[in-house]
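The values are calculated or read from the model by the stated rules, or taken from the named source; none is laboratory data. Computed from a prediction, not measured in an experiment: that's the story for all the values here. A quick note on method: Cβ atoms are made from the backbone with ideal geometry, for glycine too, and the neighbour counts reach across all protein chains shown.
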């Protein structure tokens with residue numbers, strides 16, 4: 001459960017970093033386009049785009065691990081609840097279930113014969 005929480009935090013942090021990188025591209029390169037040579041401009045933008053792609057990739061991977069751990073935990077808890085319910089159901093004696101039902105059916109049959 002702690003791993004899922006850590007993956008959620010990692011996902012959120014890298015999602016925010018991706019927005020910061022986009023802001024740096026706009027503020028430092030697109031707005032100030034005339035201050036750079038063509039080579040510096042392209043190198044700077046491509047480097048920041050690479051960082052942005054890396055941050056988005058890490059965010060997606062963390063999100064997938066988070067989903068995996070959450071689903072795994074849910075399945076384990078669900079299986080335990082089902083197992084406990086089955087143990088409880090199978091622990092009830094047969095006569096406690098079937099004899100009252102049979103007696104009820106006999107009463108219904110007897111009342112139907114009277115009419």
- Message: When you scan the stretch 1-17, do you find a residue that is outside any helix (DSSP H, G or I), surrounded by fewer than 17 Cβ atoms within 10 Å (Cβ to Cβ) and at pLDDT below 90, even just one?
- Response: yes
- Query: Going by the conditions given, is residue 71 part of a helix (DSSP H, G or I) and more than 20 Å from residue 15 (Cα to Cα)?
  - Reply: yes
- Going by the conditions given, is residue 81 in a helix (DSSP H, G or I), within 30 Å of residue 2 (Cα to Cα) and within 35 Å of the chain's Cα centre (by Cα)? yes
- Message: For the stretch 75-95, check the following and say yes or no: at least one residue is modelled with pLDDT under 95 and closer than 30 Å to residue 27 by Cα.
- Response: no
- Would you be able to tell me the number of residues in the stretch 21-42 that are part of a helix (DSSP H, G or I), without any contact (Cβ under 8 Å) to a residue 24 or more places away in the chain and surrounded by 13 or more Cβ atoms within 10 Å (Cβ to Cβ)? 3
